[in-house]
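Notes for the one structure printed next.
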Amino acid sequence: MNRFPPYVRSVVTSADPAAWPVSGQGFNECSFTSLANALNLLHGEARYTREAFIRELGPLFQPKLGGTFPPLKAVQLRRRGYGTHFGNLSHTDAERVLKGLVDRGVPTIVDIYAALQIGGLRLWGQHATVLVGYSLPFRDATGAFHEEYYLVDAQWPELGRFDLAFNDVDRDGDGVPERYPGNRTLSRHEFLRLWSSRNYCPVFRTSAEHDAWYRATMRRAPGPPVAGWIGQSLLFGSDDRVRDESPPAPVV
């Protein structure tokens, strides 16, 4: 009972709730709760609380105005010595990147529900969650096809009802619910629809580990001058591309 189904890939291999030191959030505290949940999963124990991250930002946390600025997650993580960055995967194979991070045991904060859209551009996401797993394609006992992503969503299904068992369900037809990572399951289609910003913030134990992964896996697309690049990174996240993908053809 302490194992996930064989088609599941998870940042934490044990399905024992004790291996999942995560918690729910307060009103518009998703960014801070996701930071604490990701780090506690990384360490396998409850080392961090959302309250500590909230105190640190002081007036930059405004719950009545939606919380705080999403890129600040990376700042708070780096201040504690963890390896991360606030990136954007809109122009690359985003699923390949996220699945690779899960396979490495790296929890990744992903912001779902677009908060602001200007034309075809989506700025950030409205709600921070932690991606903790995905499934290989599989069929349940009825023959229905599934391909899923698993999240720790600190306000799912609503504030005050956080429960790790919420997404456990009987798929093999034996009458006993199987355990799945996190507390929220999204189909592949629904996850990609909700994660429209394509922002991500991977949480590595050290900067050296993060930087080695980035050099081996990713490349940053050529961008505007320095001032423009800084603005782009703050608004959309760095424009990350999988290294061995062919660059887009030049416009002629």
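Restricting attention to segment 28-38, and to residues there that are among the small types (Gly, Ala, Ser) and either in contact with a strand residue (DSSP E or B) (Cβ under 7 Å, 6 or more places away or on another chain) or loosely packed, with under 15 Cβ neighbours inside 10 Å (or both), which single residue is modelled with the highest pLDDT? Among those that are among the small types (Gly, Ala, Ser) and either in contact with a strand residue (DSSP E or B) (Cβ under 7 Å, 6 or more places away or on another chain) or loosely packed, with under 15 Cβ neighbours inside 10 Å (or both), it is Ala38. For segment 193-208, a residue qualifies if it is of a type outside the set (Gly, Ala, Ser), exposed (fewer than 15 other Cβ atoms within 10 Å of the Cβ) and at pLDDT 95 or above, and exactly one does: Thr206. Within segment 33-42, can one find any residue that is more than 20 Å from Val102 (Cα to Cα) and in a helix (DSSP H, G or I)? Within segment 33-42, none of the residues are more than 20 Å from Val102 (Cα to Cα) and in a helix (DSSP H, G or I). The set of residues in segment 9-27 being closer than 16 Å to Val130 by Cβ and either among the aliphatic types (A, V, I, L, M) or crowded, with 20+ Cβ neighbours inside 10 Å (or both) consists of Ser10, Val11, Val12, Ala19, Trp20, Val22, Gly24, Gln25. Flag not set for Asp168, criterion: surrounded by fewer than 18 Cβ atoms within 10 Å (Cβ to Cβ), over 30 Å from Thr92 (Cα atoms), in contact (Cβ under 8 Å) with a residue 40 or more places away in the chain and not polar (S, T, N, Q).
The values are calculated or read from the model by the stated rules, or taken from the named source; none is laboratory data. Not measured: the values here are computed from a predicted model. FYI the Cβ positions are ideal-geometry reconstructions off the backbone, even for glycines, and counts take in every protein chain you see.
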